[in-house]
Amino acid sequence: MNERIAIIGGGNMASAIIGGLIKKGLPVARIEVVDTNPEAQQRLKDNFGLVAHAEPGPFLKDFPIVIWAVKPQTFKDAALPAAPHVRDALHLSVAAGIPSGSIARWLGTERVVRSMPNTPALIGKGITGLYARAGVGEQDRHHIEHIASVMGEFVWVEREDLLDAVTALSGSGPAYVFYFLEAMAAAGVEMGLSHEQAYQLAVETFRGAGELAKFSDEPPEVLRQRVTSKGGTTYAAITMMESQKLKEHFGQALHAAERRSRELGAEYGKD
């Protein structure tokens, strides 16, 4: 893909996308950024040689693809002044919680794809949920997939409400992993390891188990059973977790995240 791309917002996610696109061969000269924050403008200049615009303008008409990487609470304020210049563009939102219908109304177009990336996208190791409105064509989808691929893997969903589940599972998911890493490292220290040793063991265990699950043909239940000999150490740990209904409580936590995602969507998407 060699299309010109405009990015509204110049924060961490925007920088991750810019860096990924450049690595995939898109020339810097084909990227423009709009960000009102002088510090963000300076970072973009230092990191990529990009001179960001402080506000949208007629120059945006030259860009067939626009990526929205603004904070949810500022999306509408950013969209309205840009709308007259970007109605013919394909739009990708990486802003959490904003319904695609609101984006379509604010921008005056149905060519809107809403996405839910997660923070490992910052190093190209993320997973992104994607939802396309009816006005998005097949070629549009290919362009979006190319952009999403610079952040890692991606999954299309056919109903927008499923992005709330994506948010609960993978959007918020890195925090769950970090939470368990905290607990594992703390327990390791309690058992006599140094913090550095315990943390390294925990991180590499998560990474290795994730890779094994990704490339295995067996479901996680089977993979778990293969390392859970009855009466052994893993069995003792799993038995303790089950006695505390950890799986049930964890599922409830994800449902809570899904509900909150719906609430934020209703709040941020108001006209």
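Below are the figures for this structure:
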item	result
Share, in percent, of DSSP beta bridges within the chain that are antiparallel, nearest 5	15
The range 181-271: trypsin sites (Lys or Arg not before Pro) falling in loop per DSSP and having at most 13 other Cβ within 10 Å	LYS230, LYS245, LYS270
Angle in degrees between helix 75-86 and the longest Cα principal axis of the chain, rounded to the nearest 10	40
Residues whose placed amide H lies under 5 Å from that of TRP156, excluding near-sequence neighbours	LEU130
Dipole magnitude of the chain about its Cα centre (Cβ charges: Lys, Arg +1; Asp, Glu -1), debye to nearest 20	160
Amide H contacts of LEU92 (H built 1.01 Å from N, under 5 Å, at least 5 apart or other chain)	VAL66, ILE67, TRP68, VAL113
Counting DSSP beta bridges with both ends in the range 5-166, the antiparallel % (nearest 5)	15
Compactness of the range 173-263 - radius of gyration and Dmax, Cα, Å	15.1, 45
Length-normalised contact order for the range 1-141 - Cα pairs under 8 Å, 6+ apart - percent	21
Long-range Cα-Cα pairs in the range 160-219 (distance over 20 Å), rounded percent	43
For TYR199, TYR131, order by how many other beta-carbon atoms lie within 10 Å, fewest first	TYR199, TYR131
Rounded to whole Hz, the Karplus (6.51, -1.76, 1.60) HN-Hα couplings of the range 188-195, x for glycine and proline	x, 5, 4, 8, x, 6, 6, 4
Spin-label model distance (nm) - SER229 vs SER194, 7 Å beyond Cα toward Cβ	3.1
Between helix 138-149 and the chain: long-axis angle, C-alpha atoms, 0 to 90°, nearest 10	50
Eligible lysines near LYS45 by straight Cα distance, threshold 19 Å, same-chain separation 8 or greater	LYS23
Helix 246-268 axis, angle to the chain major axis (alpha carbon atoms, nearest 10°)	10
Trypsin sites (Lys or Arg not before Pro) lying in DSSP loop within the range 75-113, provided at most 14 other Cβ fall within 10 Å	ARG87
Point-charge dipole on Cβ atoms (K/R +1, D/E -1) for the range 185-271, about Cα centre, debye to 20	200
Along principal axes, Cα extents of the chain, largest first, whole Å	69, 38, 32
Taking GLU267, GLU145 and counting other C-beta atoms within 10 Å, the order from fewest to most	GLU267, GLU145
Residue-wise HN-Hα coupling along the range 87-97, computed from phi with Karplus coefficients 6.51, -1.76, 1.60 (Hz; x: Gly, Pro)	5, 8, 8, 8, 10, 10, 9, 10, 7, 5, x
The range 1-152: radius of gyration over Cα atoms, expressed as a fraction of 2.2 N^0.38 Å	0.93
Formal net charge of residues neighbouring VAL33 (Cβ-Cβ distance under 11 Å; K, R +1; D, E -1)	0
Estimated inter-spin distance, ASN2 and ILE22, nm [label 7 Å along Cα→Cβ]	2.0
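Just so you know, all these numbers are worked out from the coordinates, no wet-lab data involved. As the structure is a prediction and not an experimental result, all values here were calculated from the model. Please note: Cβ atoms are built from the backbone with ideal geometry, for glycine as well, and neighbour counts cover all protein chains shown.
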